[in-house]
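Just below is one structure, and these are the notes that go with it.
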Amino acid sequence: MCAKTFIRALLNDQEGATAIEYGLIASLIVIAIIGGVNLFASEAIDMWNGVSTAVEKAR
């Protein structure tokens, strides 16, 4: 196979595109999950700090 034919075949190959698309979708889902968990964690920490403060004041 000559170099021109190989390069042309390589440029026309579409088999890896689906795997790349699924990888990008999965990475976006993971980023969204991480963002949600960080937001939840911040709110949970604030809530427990408020509880701790209320308990300290009640003593």
| request: Name the most mobile residue of ASN12, ASN49, ASN38, meaning the one with the largest mean-square fluctuation, in a Gaussian network model of the chain with Cα contacts below 10 Å. | output: ASN12
| task | Take the Cα atoms of the chain, build their convex hull, and give its volume per residue in Å³. | result | 77
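Rule-based calculations on the coordinates, nothing more; no lab input. No experiment lies behind these values; they were computed from the predicted model shown.
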